[in-house]
Amino acid sequence: QVQLVESGGGLVQPGGSLTLSCAASGIIFRFYRMGWYRQAPGKQRELIAQFTGAGTTSYLDSVKGRFTISRDNAKNMVYLQMNSLKPEDTAVYYCNAYAGATYDYWGQGTQVTVSA
């Protein structure tokens, strides 16, 4: 079975940093476009960082320069390094693996709360 398991969320002060991890299993990892999404209360889920099909990375404007997505294909791992965190970054963060409409998988989410 396919599993994506996020970890690393928690409570952090404004200006602080967190690194999220996503462990994938049950897929041929190198064939998947990996990304991170988040969903805040009362808001729609939004794409914040991803590897494109061309192998480059793209970011939501509001996180550009603060967040970095990376992947380790040998370990089937995806990471999201988050720096200079703001209260508006508070959300549940989700890992996504996508290789077409039939091959679209999600993790369970991990809570990130940015508060003083």
Only one of Leu11, Leu4 is in contact with a Cys (Cβ under 7 Å, 6 or more places away or on another chain), assigned to a strand (DSSP E or B), of a type in the set (A, V, I, L, M, F, W, C) and touching a residue at least 60 places away in the same chain (Cβ under 8 Å), namely Leu4
Restricting region 46-59 to residues that are in contact (Cβ under 8 Å) with a residue 12 or more places away in the chain and more than 12 Å from the chain's Cα centre (by Cα), the one least open to solvent (accessible area, probe 1.4 Å) turns out to be Thr52
Restricted to region 65-81 and to residues being under 10 Å from the mean Cα position of the chain (by Cα) and in contact (Cβ under 8 Å) with a residue 40 or more places away in the chain, the residue farthest from Gln3 (Cα to Cα) is Gln81
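So which residues in region 4-35 are farther than 23 Å from Leu85 by Cβ, open to solvent by 20 Å² or more (accessible area, probe 1.4 Å) and small (Gly, Ala, Ser), if there are any at all?
Correct list: Ser25, Gly26.
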Per the list (1) modelled with pLDDT of 95 or more; (2) more than 23 Å from Gln1 (Cβ to Cβ); (3) loosely packed, with under 12 Cβ neighbours inside 10 Å, residue check on Thr102 breaks on (2)
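The values are calculated or read from the model by the stated rules, or taken from the named source; none is laboratory data. Since we're looking at a predicted model, the values are computed, not measured. Using ideal geometry, Cβ is built from the backbone for each residue, glycine included, and neighbour counts are taken over all protein chains shown. With ligands, DNA and RNA removed, areas are computed over all heavy atoms of the protein, side chains included. Shrake-Rupley method; radii C 1.70, N 1.55, O 1.52, S 1.80 Å.
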